[in-house]
1. Tally up the residues in segment 96-112 that are at pLDDT below 95 and not aliphatic (A, V, I, L, M), please.
2. Does Arg45 satisfy the criteria of being on the phi < 0 side of the Ramachandran plot, in contact with a strand residue (DSSP E or B) (Cβ under 6 Å, 6 or more places away or on another chain) and not small (Gly, Ala, Ser)?
3. Scan segment 41-52 for residues that are among the hydrophobic types (A, V, I, L, M, F, W, C) and open to solvent by 30 Å² or more (accessible area, probe 1.4 Å) and jot them down.
4. Do any strands (runs of 3 or more DSSP E) entirely within segment 38-78 hold 1 or more residues that are aromatic (Phe, Trp, Tyr), and if so, which?
5. Filter segment 64-87 down to residues that are more than 12 Å from the chain's Cα centre (by Cα) and among the aliphatic types (A, V, I, L, M) and give me whichever is least open to solvent (accessible area, probe 1.4 Å).
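The values are calculated or read from the model by the stated rules, or taken from the named source; none is laboratory data. In this text, all values refer to a predicted model and were calculated from it rather than measured experimentally. Counting neighbours? That spans all protein chains shown, and the Cβs are built from the backbone with ideal geometry, glycine included. Surface accessibility is based on the protein's heavy atoms, side chains included, excluding ligands, DNA and RNA. Shrake-Rupley method; radii C 1.70, N 1.55, O 1.52, S 1.80 Å.
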Amino acid sequence: QVQLVESGGGLVQAGGSLRLSCAASGIIFNPRAMAWYRQALGKQRELVATITNSGRTNYADSVKGRFTISRVNAKMVYLQMNSLKPEDTAVYYCNADLPSYGTKWGQGTQVTVSS
C-alpha cells in the first residue's frame with residue numbers, strides 16, 4: 001500500500017523555525033517529483049514548494065527565501081521553514097508524483113504560528 005507520512009508540525013512563535021518530513025513507503029518506482037502544499041482554514045490548497053528527481057526546486061513567492069525543500073533520497077523529503085509568520089499557519093500536505101500510480105497525498109500535519 002502506497003503511503004506518505006508527514007511529521008514535524010506543531011506550534012511555534014513568529015520568527016521561529018520548523019522542519020517537516022515526509023516519508024514514502026510501499027512504492028515500486030521512485031517519485032518523479034515531490035511537493036509540499038498547504039491549506040489554511042477557509043482557503044484553497046496552495047503549492048508551497050516542489051523538488052524533482054534531478055533536484056530542481058520551485059517555490060511559491062510567499063515562501064521564497066524562508067523555506068527550503070530537500071530530498072535525502074528518493075523517498076524522503078523535507079521542508080525547512082524559517083522566519084515563520086502567522087500567515088504560514090495551515091495544514092501542510094506532502095504530495096508525490098508516482099510513475100504508474102499517479103498523485104498521492106499524505107494525511108497532513110498542522111503548523112500553527114503565533115504572533
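1. Total meeting the criteria: 7.
2. yes
3. Once the filter is applied, which keeps residues that are among the hydrophobic types (A, V, I, L, M, F, W, C) and open to solvent by 30 Å² or more (accessible area, probe 1.4 Å), segment 41-52 yields Leu41, Leu47.
4. 57-59, 67-73
5. Leu84
Quick grid of which residues meet (1) surrounded by fewer than 21 Cβ atoms within 10 Å (Cβ to Cβ); (2) more than 14 Å from Cys22 (Cα to Cα); (3) within 14 Å of the chain's Cα centre (by Cα):
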| site | (1), (2), (3) |
| --- | --- |
| Ala35 | no, no, yes |
| Gln39 | yes, yes, yes |
| Thr89 | yes, yes, yes |
| Asp97 | yes, no, yes |
| Ser114 | yes, yes, no |
